[in-house]
Every structure is written in C-alpha cells, then in structure tokens.
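Reading through the structure tokens given below for one structure.
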Amino acid sequence: MEKFFSVGDVANLSQIVHEALQEKASPNANEALGKHKMMGLVFLNPSLRTRLSTQKAAMNLGMNVMVMNMDKDGWALETRDGVVMNGTTVEHIREAAAVMGEYCDILGLRCFPGLKDAEEDYSEDLFNKFLKFCNTPVVSLESATRHPLQSLTDLITIIENGDFTFNEATQQYIPNGKKPKVVLTWAPHVKALPQAVPNSFSEWMCEAQKQGLVDFVIAQPKGYELNEDFTPGATLVYNQEEAFKDADFIYVKNWSSYKDYGKILPFEGEWMPTLESLKITNDAKVMHCLPVRRDLELGSDILDSEKSLVVKEAGNRVWAAQVVIKRILENK
C-alpha cells in the first residue's frame, strides 16, 4: 500500500478487517515497524476522532507524530499553477507539500469540500496535488468526496458485531446464516454537510456486498441521491420504514444534495431514527460517524441505549488507521 484514498486501494476487505482486529488484540506487536519514522498529520479542517485515533495508531506502531493545523498555523496556500502570487496566498502547494514530504515518512491529509462547485470538489484537486508533490505515501483523513478511514472503521465494526467466521484458507469472512442487512439512512441537519462520509460508506458497502459480506440499502428523501459512481449495486429506497424492515445495522448520516449541489432540500416525513422506528428491524445496531446532533439526526433514546455502537465504532478508528499505516510501513 503506497496511498490510502478509497476502497480501490484494498483488494480483499475481509483480510484488512481481520488484520485490523489482530492489531486491536495486540496494539504494540508491530511497534518496531515505525521506530525512528515520522507521521505528519495535516489538517485544513477541524477533527477530533480522526486526529486522536491516527496519532494513537502511529504511536502504537512506534512512530513519532507531528500535527500541522494549516488553517491556523500555516501559510495561505496557492493551489493554481501559472498565477502571479500577488494576492492573499503566501506559499504554493508545490513547495509546501514537497517540504512536508522531506520531513515525514507518511503524510495524513484532511480537507473538506467547498460545496459550491461539484466539478471542482469531485476533482479532488487539493488531495491529488499533495499526493503528486510530497513524494511520500499519503493517507486520506477525509477529502472532498471520501472518508476512507471512517468507512474501514465501519466495516470493522459491522464484522466485529455481526455473526461471521473467518476462513484462514481463503482469507474471507463468511456470514453465519444470512448476510446482514446494512442500511444507510439520511437524517436531518441544520446545515449543509458534505457527501464524503455517505459516499465513502456506500462505496465500501457496495464492495462488501460484491464480496458476499452484506446486503446494502440506502434510504433518502427524493433529491438526496448520492453520485451514482458511489452506489453501484445498492438498493435505493425513499421510505425509511421500508428500508428498516429486518435491518441488522443502521448507519445514520446527513448529507446535502448532490443533484442540487450543496443545497438543503425540503423533505416529507420523519427521518430521525428513534427506538420506536427500530421495532421493525432485526434488533438492529445503530451507527454514526460522530459528531452527532442529538434529537435532530438521531434520537437520544437510541444513543443512550445498548443498540448504539457509536462509541465502539469511534474506538475502532484506531485500528483502521493502524492497519493502514502498518501496511504502508511494510511497503517502505
């Protein structure tokens, strides 16, 4: 593994989940891998779980860690080529990324979309330029279109809390009985949020479905359909109750419209899950990437119940980051 940006960087989902759970069982077993190596974490946007979990993962592997908050501590970056820098930008991404690569053995980068221009955001210009100019492996800590560490975490959490057996010979998890039904459901919010988390979750679940691990359904109001590049094979429904029937895992997340890019659209019905709405499920466990707005996106009755996996899910962020960093170190 030379970079980690999407599910396309992982060939066998079962194998990487199994490896992550081995790291969880023995957090410091591979600390010699990162000895005298440096992990750089570059944040252009706020972070809690991604920052702390990735730091802990790198330290478990013996690495030193440097954190750079570009929005507070760094110079304003110019990302365009062929422009005279006589405005507000101070440093070009060509030099900034290259210098970071000189200091770090692995770079993690977090940046959000502007939610104004779909073509610009979905080009992943900033991430791709960092990847091009830093000359060292790069891990996405969330980008304009994806949050792969969160999605790997989510798959780890589903496997860990589901009923699966790992076949050592084939390096595949096999569901014991029917495949779990996993539902991604849209939920309300007070502001327009990126599609990165649902895009990424959908991309990973579609691949997990292809590899025989889950059945995957997306529930959203009309107008909130994700970019179809991220949903191949998913069952799309527009009624949350229909989606919840016999569900085993429910992933709750808000996102703004892709079709009417970055907008909050009107919707009909009640889309915030509660314990009452879970009665038609197969005793489903509920997930959310956090932070969550209680009693807006997700009912407190669920969050404070045994049905909530959100804290365990957040804990697994460490092992998702650790297995990715481990694989990159093994390749260096």
Restrict the search to segment 126-182; then list the trypsin sites (Lys or Arg not before Pro) that DSSP places in a loop and that have at most 13 other Cβ atoms within 10 Å of their Cβ. LYS178
Can you pull the percent of segment 220-324's accessible area that's carbon plus sulfur, 1.4 Å probe, other chains left in place? 50
Give me the angle, in degrees from 0 to 90, between the Cα long axis of helix 148-161 and the longest principal axis of the Cα atoms of the chain, rounded to the nearest 10. 40
Of all trypsin sites (Lys or Arg not before Pro) in segment 13-62, the ones in DSSP coil with at most 11 other Cβ atoms within 10 Å are LYS35
Using only Cα atoms, tell me the angle between helix 196-210 and the longest principal axis of the chain; keep it within 0 to 90° and round to the nearest 10. 60
³J(HN,Hα) computed for each position of segment 43-55 - Karplus, 6.51 cos²θ - 1.76 cosθ + 1.60, integer Hz, glycine/proline x: 10, 9, 9, x, 7, 10, 5, 4, 4, 5, 5, 6, 4
Compute the angle between helix 125-134 and the longest alpha-carbon principal axis of the chain, please, reported from 0 to 90 degrees and rounded to the nearest 10. 50
Out of GLY82, GLY108, GLY315, any idea which swings most in a Gaussian network model of the chain, alpha carbons joined below 10 Å? GLY82
Using 0.36 nm times the number of residues separating ASN128 and GLN171, minus their current alpha carbon distance, what extension gain do you get? 12.3 nm
Fully extended contour minus Cα-Cα distance, from VAL84 to VAL99, at 0.36 nm per residue: 3.3 nm
Please say if segment 241-332 is rounded, prolate or oblate, where rounded means a/c under 1.5 for a ≥ b ≥ c the square roots of the C-alpha gyration tensor eigenvalues, and otherwise the choice is prolate for a/b larger than b/c and oblate otherwise? oblate
Carbon-plus-sulfur fraction of the accessible area of segment 95-177, 1.4 Å probe, in percent? 47
GLN172 long-range amide H proximity, modeled H, under 5 Å: ASN167
Accessible area expressed per residue, the chain, with surrounding protein chains retained (probe 1.4 Å, Å²): 44
Rough spin-label spacing in nm, given labels placed 7 Å along Cα→Cβ, for LEU296 and ASP260: 2.0
Mean Cα-pair separation over length for the chain, i.e. relative contact order, pairs under 8 Å, 6 or more apart, %: 20
At 0.36 nm per residue, and after removing the present C-alpha to C-alpha distance, how many nm does the segment from VAL67 to GLU31 gain when stretched out fully? 11.0 nm
Which GluC sites (Glu not before Pro) does segment 264-332 hold that lie in a coil by DSSP with at most 14 other beta carbons within 10 Å? GLU268, GLU270, GLU306
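The values are calculated or read from the model by the stated rules, or taken from the named source; none is laboratory data. All values derive from a computational prediction rather than experimental measurement. Every residue, glycine among them, receives a Cβ derived from its backbone with ideal geometry; neighbour counts consider all protein chains shown. SASA here: full protein model, heavy atoms, side chains in, ligands and nucleic acids out. Shrake-Rupley method; radii C 1.70, N 1.55, O 1.52, S 1.80 Å.
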